[in-house]
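Have a look at the structure below, then the notes.
The values are calculated or read from the model by the stated rules, or taken from the named source; none is laboratory data. Keep in mind the model is a prediction, meaning the values are calculated, not measured. Here the Cβ is made from the backbone with ideal geometry for all residues, glycine too, and neighbour counts use every protein chain on show.
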Amino acid sequence: MRPIQIMISGLPGDVAAKVAAHALSDERFRVLDVSLTGPDISDKTCRVGGAEFQLVGPKDREGAVAALMDREGAFMCVDYTHPSAVNDNAEFYCRMGLPFIMGTTGGDRGLLEKKVTASLVPAVIAPNMAKQIVGFQAMMEYAAETFPGLFEGYSLSIRESHQNGKADTSGTAKSMVGYFNRMGVAFSEDEIVKIRDPHVQKNELNVPEAHLAGHGWHTYTLVSKDGAARFEFSHNINGRDIYAQGTLDAAIFLQRMIDKGEKGRAFSMIEALKGAGS
């Protein structure tokens, strides 16, 4: 089987680097030596393990990617850049005919999906690439569809904690709001408590100090009107390996969809997880 060729956008960022490290050590993949990066990155190259990558800013990306396509043939892009770049990057990938995985959160997600469906490329778009968390989301989606109004009258609090370099509110937390709404809970995304202060994370939440620079902790708490019943769901992730592993699974799924001739379709990570064994 020919290795899947991927270009990783977002180096030298932490998540992009973690995905690159995993892919470089996985014989199912061939990581191309070009990475699209942000306008604030002045370095021209970066290293991940023993591999060197050319960093290409927005002004030079079209020529660089066209040259890469001429040199390497077909490949897909894995995007872990910045929320402010999500829609512009997606438009670029669609215009260039590049299937992509959007692991970056934020941006206008509705517009993002419209861009894909109006294009000739398939994509995987997900607020979270960790398979186990995606499975949890699928369970909550099932509950919302099967038991509408289940928690009617309950109050809800959602708390999410990430490293202080994460600019946007957790996409996973925001996606959960919709499920709880369908289960009868009145709650809006702007009520999510976003914690980015390392002092609070370490001393109040007990996030291990070694993971203050890379973690994703989420807690969803439901309390009945009389306070007699309380339900709490948590998923606390330290480090970034789980996201890198899920991203590579998404890449395998996306390649399968490419081979089937899928075009102009935006797949969720839940769909990728369901299709992983097919």
Which residue, of Val121, Val134, Val207, is among the hydrophobic types (A, V, I, L, M, F, W, C), in contact with a Pro (Cβ under 6 Å, 6 or more places away or on another chain) and buried (at least 21 other Cβ atoms within 10 Å of the Cβ)?
Val121
Of residues in region 104-153 being at pLDDT 95 or above and of a type in the set (Gly, Ala, Ser), the one farthest from Ala229 (Cα to Cα):
Ser119
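I'd like to know if region 79-92 contains one or more residues that are more than 28 Å from Ser35 (Cβ to Cβ) and charged (D, E, K, R).
The first filter runs over region 79-92 and keeps only residues more than 28 Å from Ser35 (Cβ to Cβ), leaving none.
No, region 79-92 contains no residue that is more than 28 Å from Ser35 (Cβ to Cβ) and charged (D, E, K, R).
In this structure, is Ala90 surrounded by fewer than 16 Cβ atoms within 10 Å (Cβ to Cβ), assigned by TED's automatic domain parsing to the domain that holds Arg30, among the small types (Gly, Ala, Ser) and modelled with pLDDT of 95 or more?
On the way: surrounded by fewer than 16 Cβ atoms within 10 Å (Cβ to Cβ): no; assigned by TED's automatic domain parsing to the domain that holds Arg30: yes; among the small types (Gly, Ala, Ser): yes; modelled with pLDDT of 95 or more: yes.
So Ala90 does not fit the description; no.
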So the check is Cβ under 8 Å with 6+ separation or different chains; which pairs have a first residue in region 197-220 that's free of Cβ contacts under 8 Å to residues at least 40 places away in the same chain and a second one that's basic (Lys, Arg) and surrounded by 12 or more Cβ atoms within 10 Å (Cβ to Cβ)?
Glu209/Lys202
